[in-house]
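So the structure is just underneath, and the comments pick up after that.
Only the coordinates and a few stated rules stand behind these numbers; no lab work does. A quick note: this is a predicted structure, and the numbers were derived from the prediction, not measured. All Cβ positions, glycine included, derive from the backbone under ideal geometry; neighbour counts span all protein chains shown.
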4 protein chains.
Amino acid sequence: MPHPGYTSGVIESPRLEASGETVAVCGQQEFVQRTQERNMKVGFVGLGIMGHPMALNLIKGGHQLFVYGKRRLPVDVREAGATVCDTVKAIAENSEIVILMVPDTPDVRSVLFDPGGVAEGLSSGKIVVDMSSISPIETKLFAAEINKKGCDYLDAPVSGGEVGAKAASLTIMVGGPEQAFAKVKPLFELMGKNITLVGGNGDGQTTKVANQIIVALTIEAVGEALLFASRAGADPAKVRQALMGGFASSRILELHGERMIKRNFDPGFRIELHQKDLNLALQGARSLSLSLPNTATTQELFNAAAALGGKGWDHSGLVRVLEHLARHEVAKG
Amino acid sequence: MPHPGYTSGVIESPRLEASGETVAVCGQQEFVQRTQERNMKVGFVGLGIMGHPMALNLIKGGHQLFVYGKRRLPVDVREAGATVCDTVKAIAENSEIVILMVPDTPDVRSVLFDPGGVAEGLSSGKIVVDMSSISPIETKLFAAEINKKGCDYLDAPVSGGEVGAKAASLTIMVGGPEQAFAKVKPLFELMGKNITLVGGNGDGQTTKVANQIIVALTIEAVGEALLFASRAGADPAKVRQALMGGFASSRILELHGERMIKRNFDPGFRIELHQKDLNLALQGARSLSLSLPNTATTQELFNAAAALGGKGWDHSGLVRVLEHLARHEVAKG
Amino acid sequence: MPHPGYTSGVIESPRLEASGETVAVCGQQEFVQRTQERNMKVGFVGLGIMGHPMALNLIKGGHQLFVYGKRRLPVDVREAGATVCDTVKAIAENSEIVILMVPDTPDVRSVLFDPGGVAEGLSSGKIVVDMSSISPIETKLFAAEINKKGCDYLDAPVSGGEVGAKAASLTIMVGGPEQAFAKVKPLFELMGKNITLVGGNGDGQTTKVANQIIVALTIEAVGEALLFASRAGADPAKVRQALMGGFASSRILELHGERMIKRNFDPGFRIELHQKDLNLALQGARSLSLSLPNTATTQELFNAAAALGGKGWDHSGLVRVLEHLARHEVAKG
Amino acid sequence: MPHPGYTSGVIESPRLEASGETVAVCGQQEFVQRTQERNMKVGFVGLGIMGHPMALNLIKGGHQLFVYGKRRLPVDVREAGATVCDTVKAIAENSEIVILMVPDTPDVRSVLFDPGGVAEGLSSGKIVVDMSSISPIETKLFAAEINKKGCDYLDAPVSGGEVGAKAASLTIMVGGPEQAFAKVKPLFELMGKNITLVGGNGDGQTTKVANQIIVALTIEAVGEALLFASRAGADPAKVRQALMGGFASSRILELHGERMIKRNFDPGFRIELHQKDLNLALQGARSLSLSLPNTATTQELFNAAAALGGKGWDHSGLVRVLEHLARHEVAKG
């Protein structure tokens, strides 16, 4: 392992999934297409907490899936009939549309461009769909590279978490060309509900980052406000209720405010994931020469949450850092 | 006036209003009470932008108003039949309920406790209602002082602005004893719609501060997010629309987000007033030994808005500071 | 006590000191002047932790002191021959130069302008010297008011703490007219060593605020750096030593950095006093429409220190807040 | 180039330097060693602004240098007798000590571990010395990898800039084993003056990060203080002078404070480099679960400086962001 902390060479990352005994060997199988026009050959790379139920939903929707087979492959994906390939390149060779759902920017880069990766298996007319949440700026570079192969690229990050992935109710924010969006839309509709084509490549990822900025900072705002109220002697539950009618009302005050009062910090959306997303925002801000002062400060508060043992808390647990600083809790729960 | 920057002595503050020629001299007039049970004798101190329409709504509701007459008194208040008194003390002597609507904590202190002030005119059983937005901590001290006179105290700050004051649609957040709240409620209902008794004295002001923290920080969050999106090349209007469905949705994203995109920074709620409110939050935080990091940073951004000429902008104009730092505007309007 | 939280009326504040049995009644005593040209009649209001040793140094220097006698007066000040007056006004009547050394802006305002205060006792040609640390902005207003009496005003805040006050080694930062500075300089030289006339009225206070901004923020910077180093596994003592040679070197790294490593948080300069000083900076920033982002954040960290029980810690104890957030201490001491 | 934004494969990065016509082909030349004990075979990778003069100083000191020859190689390095190699691997094969001086963490990783990189050319007993400023956390991983080859690793970042590199007066902060330090020390002494072995691997980089935190935050502090003073009407030059005697004194107040007053923002040390260093601090803070609130905010201010066109300004130009927010300059210069 010559590159500490970084994956390279032929794709064998433990973050990607594969089978032990391959059943259906890719490239050597014939599938009967049920619905001529809708049944598509879809590659899916990244069968983790999110990708696994998303892939199942695509199979249930009648599509033929090509997945990676060098490591653990969820049994139900194989049993549902996914074709297992030896390389990511082979997935791309066999699919019209290749979907990625991996942890971070370097993983997408690696899956796409490492030797044996997606790029090597593409041919003109195919579509790459990255549903991971990664850098909008690098997304544009990736898309340009893929375009050189004669292929379209869609960035299509999601929100809604594991619950939304299982329930096929994800919000999907898409960037890319309209005709590619139209072609992939039936697949999106098998995975999510609130599906928006925001603009060109990168705009999907940009929208996701904007979403994560607002969510984090609104949680922090609700935390400061409820802590102030509680420390000043007011009942935070009544304060929350009084505020829900006015300008301070938000989904965060409603849901995460209630979590802070009821002391329910089981995820939901984990703090360590929100740290990753704010890091995308802050790295983007540096690239774009933007000041995001409250995003920056909120990231530092998330770091403190991690120090308090909170990497796995729901992001509403950010309030615990403010409480820790004040030696006072919003509520006793 | 030997005390620069501070009001003391007999109440003659230019911030309070009074008449030129007094018509109805207080204490010497008989009013025919229209509705035996509801018609109350109400003192009203502070006929400014907010207090003026609020007082008119009380008169329209059939109540007898006692107002201050040493300086400018809005003509329509006098014509509507308000009784004009020479001192604030006289207002308190003639009223069952004394309402204050003045700019800041020192004004309330002065109106209540200076020589010739409200406290001197109170007698057991009367109620003082402070509808100004002031310090929750000092409010508790003021209430305790008033209670010594055998009188109840309600802190009842509002949100909704001049528009809400005129339309009698203010949100009113009340702290104080239930029986006093019950007695004053008919008056509140002539001025507002969303009326909540949050808890004991101070809790109304605390709720208002909590509201202003959330509103300011959510505006800032929406500003950072839309600026990021726009600077990264996305259409901020489409981003806002995509976000409205999910966890990032809020009244602020809806209304103030639209202002940022449409470039409408006419108030609304002025930045200099929000600076005053965040100052209450931050002074309170120091008293209570609380850290409010994003409130503190947002106050500094409001200061910068003021430097850019924005004291009179709607508070959504906070985004202009972020834009100024980035040399990039969210939208061209 | 009609004004909760605020002192008014004739000066009887417990913050000022006075005698039980007055020995020398002011206005009725003759003192033999030792040095014709240097021996001055000096009023001194505020014999607290700082003022007490400063006043003694003036008496030792051969000057005739007039002090306030309604409350506790340090025995040694009385025994040293200070003349005790019944009112602050009487102090001003009997002195050429009146020195103030009181806690905060409202105290200065009260001592100067309340009934029975300094202003009432002034006559043309006298000099008021405020050595308290207060608002530069209000200082200008105070000076203008005093000037109307035909008197000069010097703002002359100090740094160096109780140790410097006793050792007559205070740093004194002065604002005001040159001729007044020249006249008072012999007194300053009995109290301090590093004496600078920075500019006109307010500039002394402004310099003190600037000093306190830099000191607080440099402490915070050293805290972040040593905590980073320690948490990353380096020996903070060796890191501090390595840094002392380069651009990072400062008095704070030298002295307060050592305190952080040796775990010595006995004051020194107390956190609650630094909170007061940063509040002057931040209120000034609001008045002047300035953004002081790191001052604002550092104040919130001081608030957290107070919540951890640290109001009385030396200001280097600010590092404990960063440590508390990281669950890691710079050193074990 | 399949990996946008990332270097991999055989080392051909434009950030590294090489010759057009190779004169001395490495591995095929005999050098007469002047000083038997001191003359060492030294590989040097990274002949940029810093590395170029550092390498020349080593050659002047009598050492035999092996450098990379695929791209631009400074003429004077070749003329001074450096041996030019075709691969980085060959440099390592020919040298006892391999020095790296490249821009960032990924560059070090690439130079060390890519195919054809340093690691492939190492044999037991050699020493790798990384004088770049990179991540302390990844440094530990790199060192552990190199140790597996039977080689020691020193992290030895510098401060002092191009001026210090030319004058051989750099400050060098070293992490690694004592015996390796002792062996390399004669080389360090040809490049710098203030040379400290802080601790084990990573501690050199950690010290550098700590240094950059303090320097950035002290610049920011001095900026806030001088801006406050100037905006409040005081002469910033006199304020700076008054502060230099006390607790606020620092090298930064002395040198960068003067730059702010004299308006000299020519580098010195460029803002874009300080952005990179604070990014190391902030990425480290996330990894270590630390909150560095003022480092985070100061990074955002540097981002704003970049937006104002200041990537190439001296880092004291940070004050311009505060000035931009206040619409007021510290001085007219």
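A compact table of results
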quantity	calculated
Unsatisfied cross-links (Cα-Cα over 30 Å) in the set B:311/B:332; A:149/D:149; C:126/C:208; B:208/D:276	A:149/D:149; B:208/D:276
Average other protein chain Cβ within 10 Å of Cβ, residues B:273-281	1
Bridge type composition, the protein assembly as shown - antiparallel percent by DSSP, nearest 5	15
Potential extension, residue B:327-residue B:182 segment - 0.36 nm per residue separation minus Cα distance	46.9 nm
For the range D:205-214, 3J(HN,Hα) per residue [Karplus equation, 6.51 cos²θ - 1.76 cosθ + 1.60, θ = phi - 60°, Hz, x = Gly/Pro]	5, 4, 5, 4, 4, 4, 4, 5, 4, 4
Nonlocal amide H pairs with residue C:129, under 5 Å, H built at 1.01 Å	C:98, C:99, C:100, C:154
Viscosity 0.890 mPa s, temperature 25 °C, Stokes-Einstein D of the protein assembly as shown from Kirkwood C-alpha radius, µm²/s	72
Copies compared at residue B:244 - label distances in nm, ascending, label defined 7 Å from Cα in the Cβ direction	2.2, 6.0, 6.3
Cβ crowding within 10 Å averaged over residues, with D:47-53, B:266-272 ranked highest first	D:47-53, B:266-272
11 Å beta-carbon shell around residue B:153, net charge (K/R +1, D/E -1)	0
DSSP beta bridge pairing in chain A, given as percent antiparallel to the nearest 5	15
P(r) tail fraction, the range A:81-235 - alpha-carbon pairs more than 27 Å apart, %	29
Principal-axis tilt of helix D:178-191 within chain D, Cα atoms, nearest 10 degrees	70
Gyration tensor (alpha-carbon) shape descriptor, the range B:125-187, a/c threshold 1.5	oblate
Shielding by partners - mean other protein chain Cβ count within 10 Å, residues of A:197-209	5
20 Å binning of all Cα-Cα separations within chain B, expressed as whole percents from 0 upward	30, 52, 17, 1
Between the range C:242-313 and the range B:262-325, the Cα center-to-center distance that results, in Å	24
Integer Hz, Karplus 6.51/-1.76/1.60 couplings in order for the range C:61-68, x for Gly and Pro	x, x, 9, 8, 9, 10, 10, 8
Whole-Hz ³J(HN,Hα) from phi, Karplus 6.51 cos²θ - 1.76 cosθ + 1.60, for the range D:218-230, glycine and proline x	6, 4, 4, 4, 5, x, 4, 5, 5, 5, 4, 4, 5
Residue-averaged 222 nm ellipticity for the protein assembly as shown, from DSSP H runs of 4+ at -39500 (n - 2.57), nearest 500	-14500 deg cm²/dmol
Helix A:136-147 vs. chain A, principal-axis angle (Cα, 0 to 90°, nearest 10)	10
Cut-off under 5 Å, modelled amide H: who pairs with residue D:66 long-range	D:42, D:43, D:44, D:83
Cα centroid separation - the range A:105-162 against the range A:181-227, whole Å	18
Under 5 Å, built H, 5+ apart or other chain: amide partners of residue C:195	C:172
For residues of A:190-196, the mean tally of beta carbons on other chains within 10 Å	2
Residue D:72/residue D:287 FRET efficiency (R0 51 Å; Cβ-Cβ; nearest 0.05)	0.90
Nearest-ten-degree value, helix C:293-307 long axis tilted from longest Cα axis of chain C	90
Inter-copy separations for residue A:147, label at 7 Å along Cα-Cβ, nm, ascending	4.8, 6.6, 7.0
The range D:88-150: translational diffusion in µm²/s, Stokes-Einstein, Kirkwood Rh over Cα pairs, 20 °C, 1.002 mPa s	187
Efficiency of FRET between residue C:147 and residue B:124 - r from beta-carbon atoms, R0 56 angstrom, step 0.05	0.70
Ordering of A:176-182, C:213-219, C:80-86 by packing [mean C-beta count within 10 Å, highest first]	C:213-219, C:80-86, A:176-182
Packing rank of B:131-138, A:273-280, where each peptide gets the mean count of other beta carbons within 10 Å, highest leading	B:131-138, A:273-280
